[in-house]
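The values are calculated or read from the model by the stated rules, or taken from the named source; none is laboratory data. Please read these numbers as outputs of a predicted model, since none were measured by experiment. Cβ placement follows ideal geometry from the backbone for every residue including glycine, while neighbour counts extend to all protein chains displayed. Note: areas computed on protein heavy atoms with side chains; ligands, DNA, RNA excluded. Shrake-Rupley method; radii C 1.70, N 1.55, O 1.52, S 1.80 Å.
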Amino acid sequence: MTVGGRIEYSDIEFWDRLVQRGPAEALDRIDAILREPGLDDDARALALAGRARACFELGRVREALIAARSAMDASSGSPNHVQEAVAMSSSVVVAEAGFVDEALVSLSELAASTDGVGLGRVRLQVAYVLHQAGRLNEALAELDVSERIFRQDGQDRDRFRVHQNRGLVLLQQGRLRAAQSDFETAEVYAQGLGMTAAQAQSVANLAVLHGRARRLTISLREFDRAFELFEQAGNPTRTVAHAKIDRAEVMMHSGLVLDAVEAGRAALDLVTTSGNQVVIADAHLMVARAHLAAGHRRAAHASALEAIRIFTESGRSDMVPLAESVGVTAELEVTGSDDTTRVLLGSAASVIRRLREHGWSAAADELALVRVRAGVRSGETDAVLAEVQRLRLGTQDGLRQTALTGWYAEALARSLDTDHRGALDACRAGLDLLDDIVAEATTLERRSAAMRLGHDLSQFTIELAVDRGDADTVLAAAEGTRARALHDELAERERHQPLTRDGAERLRGELAARLGTRVLIEWVVARDAVWAVVFDAQGSRLVRVADLGAVVHARDRAVMWLDVAAAEPDGSSARARRACRLLDDLLIAPLDLPRDVGVVMVPVALLHGIPWSGLPSFACRPVSMTPNAQVWLEADRRSSGPLRSVGLLVGPDLAGEGVERAAIERSYAGAAIASGVGASAAAVRSMFAGSDLVQIAAHGTFRSDHPLLSTLRLADGEATFYDAIPARVRAKLIVLSSCEGGAHGASDGSEVLGMSAVLLARGAASVVAPLTTVRDLECAEFVVDVHRELAAGEPVACAVANVRERWLDDDDLSRWAVASSFSCFGSGAVRVMG
């Protein structure tokens, strides 16, 4: 070895190992080497190429591009193996800096003078650049050529790159099983080669794949493992940013849309200062998609336009249709019936065509579905008929999401042909498929995520039933599409299948027997209107209640006063009560309910946040709410018998702790009380599983975007539903004096999740909880009054109603808000004394 180790500098693998061990240290070493006197041209070219890679890994794109071009110039007179190494390395930097065509030309010139393993490596690099440009079909063809060459010869590093790159292309095409095999093989190769950053990327790719397959827990665990490996490798900016983008996408597909927006913005912040146009554009596109999933359509459109601009300027024109699809989706989701809609439908058709041309078939199908929805909603059905016919061919597709879309299109096509019976049959077939998907999901979270796939079918089933105008059909359709993710939580889950004729008759028979003098109200939304099925001893009737827009406006006015009461409680309740009277006139008056009878209510989507308890019609009557009628029936069957064992858990930092403790000790001798360090998630689970009456007094936070991640603040930290609720709940009556303990989220208008819904499905008979944030002291006082009524022998719904009636007459805004927010869920018939 000569002075300075220059013989080593001619070893191409030396530079690769140097950068792989850590780009920051590599850059310092390379700059020192470039300053060494007498460095020959070949070593200089390889050093510059290594510098380009190190700068790029660190996010210093401008420096990387200069070094890459300098390396290619310096290698012009070098031997073939040096030219090949420099061109291969530098072309990636040039392409990811936004100069795709320049990179492809360079690689094409190299391929013309290369054969054997060298040609395989060139074709592999071409595949990588094509993949980055969004030309997936061309990329797969190049990868197939590379694999054939490396099968005969090549090194483990070559085989690693084939598996890694092909896995990414297959992942984008939705071929998950094949992609997983490639990523797992790539990780083995990378670990064996000591390539830590590459191993981290393989693990991150596996995390994305598990996320796409709706295995969220495994996915997040793999992301954590990937970021640990990235830290060991020096946290290279570009690859870490890509991993953050990937994590954002997994969160978005798992329903964590607000977290996805935050993760996408974190990735964007990380790379914006680097000048890396490829990752910047990808981050803008991710932020746009996350905003769209969160319903932030204006922000989604703005981010999509920025992504389009950067894709275009950086030569990645094949990626433009992906960003365009986000932008046009954001516009179509809010469009009405006018000339603008027709223009947007035409624009969407053009984007769909370009998506298919470039191999983005899944994205094309998603936009086609958006286009169909908009066309039907706006009355422009003729403009989308061809798309409907194409989508309905998917009913027999092996990919179940495609098949679900196919059944929706089939139902829509039959409806447009006035075959309403056939349309409803198609909905049933699609929902049967959805049941198969949900049944295979092993957790409530996965079942909830799967339910989002059936949103179109569920809503269209309701609309078809409403169009028929038959109350029994609407009731069966509503029950057959509502709270399906909770189905496997039920002890008697096979008891009702409401969409079948026998199941619908059995449901009506059991409701008539259980309700007695009570009335069940099942709410639905269809054709821009709110409807209600009213079921009582006389049978069922369908009532068109009000226009959807009017209900939303009245609801927002009433809910606003709950927010005002939380922020500024010391005021009069007069205006709040007036807002509730207006909402009552709009929603309840048209139902013509008998006076003073109890009510069982099944809300839907936008009606979940309404302070029903504050409506004048319900002020003094027993009212209970439920995710669906089947959950209520099971809860009501469990309502009989005395409650012998009582448990109270008091979380930290509660102003009303002493008031609630004193009430429990006074009303129930021998009550078990957990507080201080004993107020843990394990204690909550134990009480739910072992006591008849349980009260949880703790601060709570509700996650509307992902209800199962809502939390209770306990002594050992924030406990989610997974931490706090056992698989089976023994407690008959549960009182949650916790902010938003009764709040529910509806991912698609019919799938309802919240703590009370899960508790009822898992075995509780009744849950008393507030819908919104309430002040500690007033919350404690309300609950104390309820316990006093329970101790006097009142059933729980009557106990809540008696206290509510007194509190609603109070002019104090805070007391009005507590009384309006506290609700009874499940059976209202539970009594403390048998």
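Please go through the range 595-610 and pick out each residue that is surrounded by fewer than 17 Cβ atoms within 10 Å (Cβ to Cβ) and out of contact with any strand residue (DSSP E or B) (no Cβ under 7 Å at 6 or more places or on another chain). Steps first, please.
Here is the first cut: in the range 595-610, the residues surrounded by fewer than 17 Cβ atoms within 10 Å (Cβ to Cβ) are 595-597.
Scanning the range 595-610 gives ARG595, ASP596.
Among the residues of the range 292-321, those identified as open to solvent by 40 Å² or more (accessible area, probe 1.4 Å) and not hydrophobic (A, V, I, L, M, F, W, C) are HIS296, ARG297, ARG298, HIS301, GLU306, ARG309, THR312, GLU313, SER317.
Restrict the check to the range 31-42 and report whether at least one residue is part of a helix (DSSP H, G or I), buried (at least 24 other Cβ atoms within 10 Å of the Cβ) and either out of contact with any Lys or Arg (no Cβ under 7 Å at 6 or more places or on another chain) or at pLDDT 85 or above (or both). Checked against the condition, which is being part of a helix (DSSP H, G or I), buried (at least 24 other Cβ atoms within 10 Å of the Cβ) and either out of contact with any Lys or Arg (no Cβ under 7 Å at 6 or more places or on another chain) or at pLDDT 85 or above (or both), the range 31-42 yields no hits at all. Has the range 271-278 got at least one residue that is open to solvent by 30 Å² or more (accessible area, probe 1.4 Å) and modelled with pLDDT of 80 or more? Yes, the range 271-278 contains at least one residue that is open to solvent by 30 Å² or more (accessible area, probe 1.4 Å) and modelled with pLDDT of 80 or more.
Checked against the criterion of being open to solvent by 10 Å² or more (accessible area, probe 1.4 Å), among the acidic types (Asp, Glu) and either within 29 Å of VAL524 (Cα to Cα) or modelled with pLDDT of 90 or more (or both), the candidates GLU751, GLU789 yield just one match: GLU789.
Search the range 232-247 for residues being without any contact (Cβ under 8 Å) to a residue 40 or more places away in the chain and part of a helix (DSSP H, G or I), and hand back the single one that is surrounded by the fewest Cβ atoms within 10 Å (Cβ to Cβ). Steps first, answer last, please.
The initial filter retains those residues of the range 232-247 that are without any contact (Cβ under 8 Å) to a residue 40 or more places away in the chain, namely 232, 235, 240, 244.
Pick out the ones that are also part of a helix (DSSP H, G or I) and you get 232, 240, 244.
Working: GLN232: 13, VAL240: 26, LYS244: 25.
Checking each candidate, the answer is GLN232.
The number of residues in the range 755-799 that are touching a Ser or Thr at 6+ places or on another chain (Cβ under 6 Å), within 29 Å of ALA727 (Cα to Cα) and not in a loop (DSSP other than H, G, I, E, B) comes to 9.
Each residue in the range 112-164 was checked for being farther than 21 Å from PHE14 by Cβ and of a type in the set (Phe, Trp, Tyr), and 2 of them qualify.
For the condition more than 30 Å from ILE218 (Cα to Cα) and at pLDDT 85 or above, VAL545 qualifies. Restricting to the range 183-197, name every residue that is open to solvent by 10 Å² or more (accessible area, probe 1.4 Å) and either in a helix (DSSP H, G or I) or free of Cβ contacts under 8 Å to residues at least 24 places away in the same chain (or both). GLU184, THR185, GLU187, VAL188, TYR189, GLN191, GLY192, LEU193, THR196, ALA197 - these are the residues of the range 183-197 that are open to solvent by 10 Å² or more (accessible area, probe 1.4 Å) and either in a helix (DSSP H, G or I) or free of Cβ contacts under 8 Å to residues at least 24 places away in the same chain (or both). Among the residues of the range 562-580, the one identified as free of Cβ contacts under 8 Å to residues at least 40 places away in the same chain and surrounded by 15 or more Cβ atoms within 10 Å (Cβ to Cβ) is ALA579. Residue under question is VAL328, and the condition is that it be closer than 17 Å to GLN172 by Cα and over 18 Å from the mean Cα position of the chain (by Cα); does it hold? For VAL328, the condition - closer than 17 Å to GLN172 by Cα and over 18 Å from the mean Cα position of the chain (by Cα) - is not met. With the requirement that a residue be modelled with pLDDT of 80 or more and either surrounded by 18 or more Cβ atoms within 10 Å (Cβ to Cβ) or within 50 Å of the chain's Cα centre (by Cα) (or both), what does the range 67-84 give you? Across the range 67-84, the qualifying residues are ALA67, ALA68, ARG69, SER70, ALA71, MET72, ASP73, ALA74, SER75, SER78, VAL82, GLN83. If I ask for residues that are of a type in the set (Phe, Trp, Tyr) and at pLDDT 90 or above, which ones from the range 133-152 would you list? Across the range 133-152, there are no qualifying residues.
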